[in-house]
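**Q** If you scroll down you'll find the structure; I have some questions about it.
The values are calculated or read from the model by the stated rules, or taken from the named source; none is laboratory data. What you see is a predicted model; the values in this text were computed from it and never measured. Note: ideal-geometry Cβ built from the backbone for every residue, glycine included; neighbour counts use all protein chains shown. Accessible surface is based on the protein model in full, side chains and every heavy atom, while ligands, DNA and RNA are left aside. Shrake-Rupley method; radii C 1.70, N 1.55, O 1.52, S 1.80 Å.
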Amino acid sequence: MKFFKLFCLFIFLSIFYQCKEEKKVDIPKKTIKKEKKIVKRWDSLNSKNVEAFFTEYEKKNKETKVVIKTKFGDIKLRLYDDTPIHRANFIFLTKIKYFNTTEFYRVAKNFVIQGGNSDETYTKQQRRLYGNYLIKPEFRKNRTHKYGALAATRYWENNPNKLSNPFEFYIVHNRKGAHHLNNEHTVFGEVISGFDTMDKIAEVKVGVDEWPTKDIRMTVEILD
């Protein structure tokens, strides 16, 4: 009888222990996938919506005066309201500080000084970011290539519509103007002070490609 009781106790303990072990089995937790947040740029500019983007942008960004700062001094510019897309584009690039990694990369004394490009990685990245977009010309009879005129560069080959390069610009340094360029490049502003700075830049030493032998860095800021 005593043996039977011990046997029953052994069976009971074995069953209890197995149940306890079963309770310890971990049940896999349900995997919850975290959704990745898609961070959108504050702007939507790309090569396909240029005119629509800047038409809206210029309504809220009415600035018309900027200053180009260089080691030779400042050049103050007034941008024209009657070339709204080009004006808005220049203000946009100024506000995102695109020009602050660029330089005057071409100096043709008594003709033009040209800027808005560089070998900086950031400069190239910014161009690619917005799809290397182009701007339709905004030719105006009263906006000519006079002395101090601010105009957009453009590609001459395979560009029958004379679309502007939005990233690069030039300022006419010839006191008689450069009127052979009228209706070829969009004039969208003019120098209001800093002609002496232009003269100093025009005197720098350049290579055969008219690229200054020493970099002429610039920063561009909004004035009004």
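**Q** How would the stretch 80-144 be classified by its alpha-carbon gyration tensor: rounded, prolate or oblate, with rounded meaning a/c under 1.5 and the a/b versus b/c comparison settling the rest?
**A** Values: a/c = 2.18, a/b = 1.22, b/c = 1.78.
Taking the square roots of the gyration eigenvalues as a ≥ b ≥ c, the stretch 80-144 is oblate.
**Q** Separate question: Placing unit charges on C-beta atoms (Lys and Arg positive, Asp and Glu negative, everything else neutral), compute the dipole magnitude of the stretch 129-224 about its Cα centre in debye, rounded to 20. All intermediate terms of the calculation are to be shown ahead of the outcome.
**A** On the way: 13 positive and 13 negative charges, 73 e Å.
Result for the stretch 129-224 is approximately 360 debye, rounded to the nearest 20.
**Q** Here is a further query. Starting at the first residue of the stretch 148-156, write each ³J(HN,Hα) from the Karplus equation 6.51 cos²θ - 1.76 cosθ + 1.60 with θ = phi - 60°, in whole Hz, x for Gly and Pro.
**A** Computed from phi, the couplings for the stretch 148-156 are x, 5, 9, 9, 8, 6, 7, 7, 8 Hz.
**Q** Once the whole set of protein chains is in place, how much accessible area is left on SER44, using a 1.4 Å probe, in Å² to the nearest 10?
**A** Looks like 70 Å² after rounding.
**Q** VAL204's amide H: which non-local residues (gap 5+, or another chain) put their own amide H closer than 5 Å, with H modeled 1.01 Å from N in plane and none for Pro or chain starts?
**A** none
**Q** Using only the Cα atoms of the stretch 174-224, build the gyration tensor, take square roots of its eigenvalues as a ≥ b ≥ c, and label the shape rounded, prolate or oblate: rounded if a/c is under 1.5, else prolate if a/b is larger than b/c, else oblate.
**A** Working: a/c = 1.75, a/b = 1.16, b/c = 1.51.
Here the stretch 174-224 falls in the oblate category.
**Q** Along the stretch 193-208, what does the Karplus equation 6.51 cos²θ - 1.76 cosθ + 1.60 (θ = phi - 60°) give for ³J(HN,Hα), rounded to whole Hz, x for Gly and Pro?
**A** With the stated coefficients, the stretch 193-208 comes to 6, x, 5, 5, 5, 4, 4, 5, 5, 5, 8, 5, 6, 10, x, 5 Hz.
**Q** OK, next. Can you classify the stretch 66-118 as rounded, prolate or oblate using the Cα gyration tensor, where a ≥ b ≥ c are the square roots of its eigenvalues, rounded means a/c under 1.5, and otherwise it's prolate if a/b beats b/c and oblate if not?
**A** Details: a/c = 1.76, a/b = 1.38, b/c = 1.27.
Verdict is prolate for the stretch 66-118.
**Q** Give a quick list of GluC sites (Glu not before Pro) in the stretch 132-224 that DSSP marks as loop, anything other than H, G, I, E or B, with at most 15 other Cβ atoms within 10 Å.
**A** Values: sites: GLU138, GLU157, GLU168, GLU184, GLU190, GLU203, GLU210, GLU221; in loops: GLU138, GLU157, GLU184, GLU203, GLU210.
Sparse-neighbourhood loop GluC sites (Glu not before Pro): GLU157, GLU184, GLU203, GLU210.
**Q** How many percent of the accessible area of the stretch 53-176 is carbon or sulfur, using a 1.4 Å probe?
**A** Values: 2710 of 5720 Å².
Whole-percent figure for carbon plus sulfur exposure: 47.
**Q** Let me ask something else. What is the sum of charges, Lys and Arg at +1 and Asp and Glu at -1, for the other residues whose Cβ falls under 12 Å from the Cβ of THR153? The partial results should precede the final answer.
**A** Working: positive: ARG106, ARG154, LYS162; negative: GLU168, GLU184.
Within the 12 Å Cβ shell, the charges total +1.
**Q** Provide the per residue accessible area, probe 1.4 Å, for the stretch 78-224, rounded to a whole number of square angstrom. Can you show the working numbers first?
**A** Details: 6950 Å² over 147 residues.
Ligands and nucleic acids excluded, the figure is 47 Å² per residue.
**Q** Using modelled backbone amide H atoms (1.01 Å from N, in-plane), which distant-in-sequence or interchain residues come within less than 5 Å of ASN117's amide H?
**A** It is GLU103, TYR105, by chain and number.
**Q** At 1.4 Å probe size, what's the solvent-accessible area of ILE85? Round to the nearest 10 Å².
**A** 20 Å²
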